[in-house]
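What follows is a single structure, written as structure tokens, with notes after it.
Read-outs throughout are calculated quantities, based only on the coordinates presented, and are distinct from any laboratory measurement. Predicted model only: the values in this text are computed from it and were never measured. Positions of Cβ are backbone-derived with ideal geometry, glycine not excepted, and every protein chain shown enters the neighbour counts.
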Amino acid sequence: MTALPDWMIPPRDEGWFADDLDHLPEAPRHTELIDGALVFMMSPQRRWHARVVRRLVVALEDQAPEGVTADQEMTIRLDKRNRPEPDVVVSSGPADNDETWIDPAVVLLAVEVVSPESGYRDKTVKMRKYAEAGIANYWLVEDEDGQAVVHVYELDVPTKTYVPVAIARDVLELSVPFPIAINLAALVAVKNPS
């Protein structure tokens, strides 16, 4: 049996803390912290996933009001033992270019583009944790025969759970967290050379 590298061994009995992620240069690029445990995204990323994430960030950034930004693959420090990394996070307020995580108090929207290896976490664990942290809007983007389908959820504040409000297949039009209109076919379109 091969021993784990030293950097993979938690520094304390109760596991890892959110701030520990900033001191693990050996960890894979997309390392998350869920309930004090490191979660590694080791599978190769599908082209469809990368294209949807990239274009979604651009579409949201283009439509966002002043003072609102859309970022790709930034962690959200939910609490001392949880620092998940949504595919897209939309936040308000001044952004510090040196920060390595975003405070959930300024997060307007968290988006997970579902992959085979992340589907369970995206639809259960992360969804529950984002809601409990008070993030008002959550989207799950799924691949339905090559098309992007967006499941839109809003936070029910008294219960701290998400309720489904829409499923979009062609065009996503919403008024929250700000007016949004996205052609979903454009997210996955492959541009043909002229």
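Can Lys123 be described as farther than 21 Å from Ile180 by Cα and touching a residue at least 40 places away in the same chain (Cβ under 8 Å)?
On the way: farther than 21 Å from Ile180 by Cα: yes; touching a residue at least 40 places away in the same chain (Cβ under 8 Å): no.
Criteria not met by Lys123.
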Hits in region 72-108 (condition: closer than 19 Å to Asp20 by Cα, of a type in the set (A, V, I, L, M) and not in a loop (DSSP other than H, G, I, E, B)): Ile76, Ile102
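Any idea how many residues of region 163-182 are in contact (Cβ under 8 Å) with a residue 12 or more places away in the chain, under 25 Å from Gly67 (Cβ atoms) and not in a loop (DSSP other than H, G, I, E, B)?
Of all residues in region 163-182, those in contact (Cβ under 8 Å) with a residue 12 or more places away in the chain come to 164-172, 174, 176-182.
Restricting the remaining residues to those that are under 25 Å from Gly67 (Cβ atoms) gives 165, 172, 174, 176-182.
The next check asks that each one be not in a loop (DSSP other than H, G, I, E, B); those that pass are 165, 172, 174, 180-182.
Qualifying residue count, region 163-182: 6.
Here is a yes/no grid of residues against (1) outside any loop (DSSP other than H, G, I, E, B); (2) charged (D, E, K, R):
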residue: Ala3; (1), (2): no, no
residue: Pro11; (1), (2): no, no
residue: Asp20; (1), (2): yes, yes
residue: Arg29; (1), (2): no, yes
residue: Leu38; (1), (2): yes, no
residue: Gln45; (1), (2): no, no
residue: Arg51; (1), (2): yes, yes
residue: Arg54; (1), (2): yes, yes
residue: Leu60; (1), (2): yes, no
Among (1) exposed (fewer than 15 other Cβ atoms within 10 Å of the Cβ); (2) out of contact with any strand residue (DSSP E or B) (no Cβ under 7 Å at 6 or more places or on another chain) - the single one Arg51 does not satisfy: (1)
Qualifying residue in region 181-188 (condition: among the small types (Gly, Ala, Ser), in contact with a strand residue (DSSP E or B) (Cβ under 6 Å, 6 or more places away or on another chain), more than 26 Å from Leu38 (Cβ to Cβ) and surrounded by 13 or more Cβ atoms within 10 Å (Cβ to Cβ)): no
